[in-house]
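Structure record follows, encoded as structure tokens.
The values are calculated or read from the model by the stated rules, or taken from the named source; none is laboratory data. Nothing here was measured: the structure is a model prediction, and the numbers come from that model. Don't worry about glycine lacking a Cβ; one is built from the backbone with ideal geometry, like all the others, and counts go over all protein chains shown.
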């Protein structure tokens, strides 16, 4: 029974990858239409902060799909922000450039831009960007495997979010990031504490994407501890949320997690229902 269910999950995973490819292509087409409409506004834009925001938005929209083109608009963002002497715009430009280099897998340049932006954000007391940049720096350190530094910056971001708004939407993502790091360190009890806090807060704020990530991450943490029944419950709940939000990539990944769980259960068949 376990083997048959696993095969079904594998077929579902393959089908979802095909569906995901179609969905990505459609989203890119819709995203390009938005970018084209924003680009059309540039000729009539004045050299002011709104123009900086326009260039930033174009770069942001392109960052994950066309990094080279996004880089051009990010550089224009920085140039104009410096020209009109708008520090907040420069900070935003640093963050955008960091994002683009991150997507290009150039972690050294991404980290440089984030750290430059963080220093300037701190000098102008922009709590929003201090939190955002600290979180992004945490992402860099996570990517290169420097877990202590990742925890340091995720906690910095979390503390700022908690001061700005104790019930704010920025808190749950930081808790998820911390939970992910503690899972990597195999500190599953601490991971579960952070992830359950993220789940509770995201449910209160109806942040469905974070709810889904929290549930699946909890399922993964319990699986690592061989608590397979609890793991399956969280994975199934997370899968349902991901389907509701249309998150094809995560749905496919979660199906694979469930398949892995049933493979583990093959040696402990009484742990799971047939």
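Cβ-Cβ contacts under 9 Å between residues 6 or more apart (or on different chains), taken from a first residue in the stretch 56-67 that is closer than 12 Å to residue 104 by Cα to a second residue that is at pLDDT 90 or above and in a loop (DSSP other than H, G, I, E, B), are listed as 67/104. Taking the condition out of contact with any helix residue (DSSP H, G or I) (no Cβ under 7 Å at 6 or more places or on another chain) and either outside the structural domain of residue 142 (by TED's automatic domain parsing) or under 24 Å from residue 149 (Cβ atoms) (or both), does residue 236 pass? Answer is yes for this residue.
Residues that are more than 17 Å from the chain's Cα centre (by Cα) and within 12 Å of residue 217 (Cβ to Cβ) occur at least once in the stretch 178-190. All conditions but one from (1) part of a helix (DSSP H, G or I); (2) modelled with pLDDT of 90 or more; (3) in contact with a helix residue (DSSP H, G or I) (Cβ under 9 Å, 6 or more places away or on another chain) apply to residue 10; the one that does not is (2).
Given the structure, is residue 63 modelled with pLDDT under 95, touching a helix residue (DSSP H, G or I) at 6+ places or on another chain (Cβ under 6 Å) and in the same structural domain as residue 47 (by TED's automatic domain parsing)? Write out each step before concluding.
Numbers: modelled with pLDDT under 95: yes; touching a helix residue (DSSP H, G or I) at 6+ places or on another chain (Cβ under 6 Å): yes; in the same structural domain as residue 47 (by TED's automatic domain parsing): yes.
Considered against the rule, which asks whether it is modelled with pLDDT under 95, touching a helix residue (DSSP H, G or I) at 6+ places or on another chain (Cβ under 6 Å) and in the same structural domain as residue 47 (by TED's automatic domain parsing), residue 63 comes out as yes.
Only one of the numbered conditions (1) buried (at least 22 other Cβ atoms within 10 Å of the Cβ); (2) within 16 Å of the chain's Cα centre (by Cα); (3) within 21 Å of residue 178 (Cα to Cα) is violated by residue 235, and that is (2).
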